[in-house]
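Visitor: Sending over a structure as structure tokens; questions will come in a sec.
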Amino acid sequence: MLLEGLRVAVVQVGKELAASGLVLGTWGNVSAREGDLVAITPSGLPYSALAPEDIVVVDLEGKTVEGKWRPSTELPLHLAIYRKRSDVGGIVHTHSVGSMTLAACRHPLPPFTEEQAQLIGGEVPVAAYAPPGTEELARAAIATLGEGKAVLLANHGLVGVGKTVEEALLTCQVVEKSAQIYLWARLLGGPVLLSEEEVRSLRENFLRNYGQKGAGG
């Protein structure tokens with residue numbers, strides 16, 4: 001089976017999305033890339049029932065290489081990001097409540113939590129509205145995402161990216177947590193935002209010191 005490890009990872013992330021309430025039903029989608037091949041969730045199958053063999057493998061032009069199902073209808077969005085961003089190895093698209101609330105209001109998520117500053121590195125912008133599953137949506141998303149980690153899709157949901165599909169999931173989890181805190185904080189007069197310098201410092205320190213890179217013994 002092609003990309004077996006990635007297909008297993010995509011299934012695991014999909015199940016976690018559903019279990020944590022970041023998606024309902026069969027909405028949302030997950031993918032991971034290795035070289036010029038992409039493993040992506042199929043269209044219309046519940047996450048709880050997914051097995052690695054259900055994940056569809058396509059090339060960067062969208063041609064199915066291996067798989068028995070049609071790929072997600074948001075395949076154009078995933079492929080557009082992969083073609084534009086060689087650093088991206090995983091993409092997660094959610095319809096989570098806090099993020100969708102901001103997306104419905106077309107309100108960007110400003111940086112105000114340490115987690116958001118560290119992992120995302122700044123504001124989460126909102127892409128212009130376009131119908132789901134279209135090339136128009138893909139173009140709007142990549143234009144707004146730029147070199148960032150996350151983008152809200154107007155009236156639609158959230159897209160998070162990462163070096164791996166697990167990192168893309170974490171991106172979405174952090175954005176959703178920040179979105180919910182932001183909405184609650186506005187009831188108390190609004191959060192105090194981090195300055196550009198504070199965001200930059202938190203991000204640089206996170207990239208430099210977080211985790212076990214270079215750790216010995």
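Visitor: Give the residue that is surrounded by the most Cβ atoms within 10 Å (Cβ to Cβ), with candidates limited to residues of the range 126-151 that are over 22 Å from V165 (Cβ atoms) and of a type outside the set (A, V, I, L, M). Walk me through it before giving the result.
Guide: Within the range 126-151, the subset over 22 Å from V165 (Cβ atoms) is 126, 128-131, 134-136, 139-140, 143.
After this cut, where a residue has to be of a type outside the set (A, V, I, L, M) as well, the list is 129, 131, 134-136, 139.
Details: Y129: 14, P131: 8, T134: 14, E135: 12, E136: 13, R139: 16.
Here the residue is R139.
Visitor: Follow-up question, since we're still on this one. Please state which one of V11, V57 is in contact with an Asp or Glu (Cβ under 7 Å, 6 or more places away or on another chain), of a type in the set (A, V, I, L, M) and either closer than 26 Å to D87 by Cβ or assigned to a helix (DSSP H, G or I) (or both). Write out each step before concluding.
Guide: On the way: V11 fails: in contact with an Asp or Glu (Cβ under 7 Å, 6 or more places away or on another chain).
The unique qualifying residue is V57.
Visitor: Same structure again: Look at A103 and say whether it is in contact with a Gly (Cβ under 7 Å, 6 or more places away or on another chain), outside any loop (DSSP other than H, G, I, E, B) and free of Cβ contacts under 8 Å to residues at least 60 places away in the same chain. Give the steps one after another, and end with the answer.
Guide: Values: in contact with a Gly (Cβ under 7 Å, 6 or more places away or on another chain): yes; outside any loop (DSSP other than H, G, I, E, B): yes; free of Cβ contacts under 8 Å to residues at least 60 places away in the same chain: yes.
For A103, the condition - in contact with a Gly (Cβ under 7 Å, 6 or more places away or on another chain), outside any loop (DSSP other than H, G, I, E, B) and free of Cβ contacts under 8 Å to residues at least 60 places away in the same chain - is met.
Visitor: Oh, and also: Taking the range 158-175 only, how many residues are under 22 Å from G133 (Cα atoms) and either surrounded by fewer than 23 Cβ atoms within 10 Å (Cβ to Cβ) or without any contact (Cβ under 8 Å) to a residue 40 or more places away in the chain (or both)?
Guide: The qualifying residues number 1.
Visitor: Consider L158 carefully, then state whether it is outside any loop (DSSP other than H, G, I, E, B) and among the hydrophobic types (A, V, I, L, M, F, W, C).
Guide: Against the criterion (outside any loop (DSSP other than H, G, I, E, B) and among the hydrophobic types (A, V, I, L, M, F, W, C)), L158 qualifies.
Visitor: Among the residues of the range 143-155, write down those that are touching a residue at least 24 places away in the same chain (Cβ under 8 Å) and either under 10 Å from the mean Cα position of the chain (by Cα) or not in a loop (DSSP other than H, G, I, E, B) (or both).
Guide: Here is the first cut: in the range 143-155, the residues touching a residue at least 24 places away in the same chain (Cβ under 8 Å) are 145, 147-155.
The answer is L145, K149, A150, V151, L152, L153.
Visitor: Being at positive phi, touching a residue at least 12 places away in the same chain (Cβ under 8 Å), exposed (fewer than 14 other Cβ atoms within 10 Å of the Cβ) and not charged (D, E, K, R) is true for just one of G35, G25. Which residue is that? Steps first, please.
Guide: Details: G35 fails: touching a residue at least 12 places away in the same chain (Cβ under 8 Å).
Answer to the selection: G25.
Visitor: Checking A154 against (1) over 26 Å from Q12 (Cα atoms); (2) surrounded by fewer than 17 Cβ atoms within 10 Å (Cβ to Cβ), which single condition isn't satisfied?
Guide: Checking A154 against (1) over 26 Å from Q12 (Cα atoms); (2) surrounded by fewer than 17 Cβ atoms within 10 Å (Cβ to Cβ), the one that fails is (2).
Visitor: I've got another one for you. Can you go through V65, V124, V57, V97 and tell me which one is touching a helix residue (DSSP H, G or I) at 6+ places or on another chain (Cβ under 7 Å) and hydrophobic (A, V, I, L, M, F, W, C)? Outline the logic, then answer.
Guide: On the way: V65 fails: touching a helix residue (DSSP H, G or I) at 6+ places or on another chain (Cβ under 7 Å); V57 fails: touching a helix residue (DSSP H, G or I) at 6+ places or on another chain (Cβ under 7 Å); V97 fails: touching a helix residue (DSSP H, G or I) at 6+ places or on another chain (Cβ under 7 Å).
Exactly one residue qualifies, and that residue is V124.
Visitor: All but one of (1) under 17 Å from the mean Cα position of the chain (by Cα); (2) over 30 Å from M1 (Cα atoms) hold for G89, so report the exception by its number.
Guide: It is condition (2) that G89 fails.
Visitor: Do we have any residue at all in the range 44-59 that's touching a residue at least 40 places away in the same chain (Cβ under 8 Å) and either within 15 Å of the chain's Cα centre (by Cα) or loosely packed, with under 13 Cβ neighbours inside 10 Å (or both)?
Guide: yes
Visitor: State the number of residues belonging to the range 176-190 that are surrounded by 16 or more Cβ atoms within 10 Å (Cβ to Cβ) and either among the acidic types (D, E) or modelled with pLDDT under 95 (or both).
Guide: Residues meeting the conditions: 1.
The values are calculated or read from the model by the stated rules, or taken from the named source; none is laboratory data. Keep in mind that what you see is a predicted model, and the values were worked out from it rather than measured. All Cβ positions, even for glycine, are placed from backbone atoms using ideal geometry, and neighbour counts span all protein chains on display.
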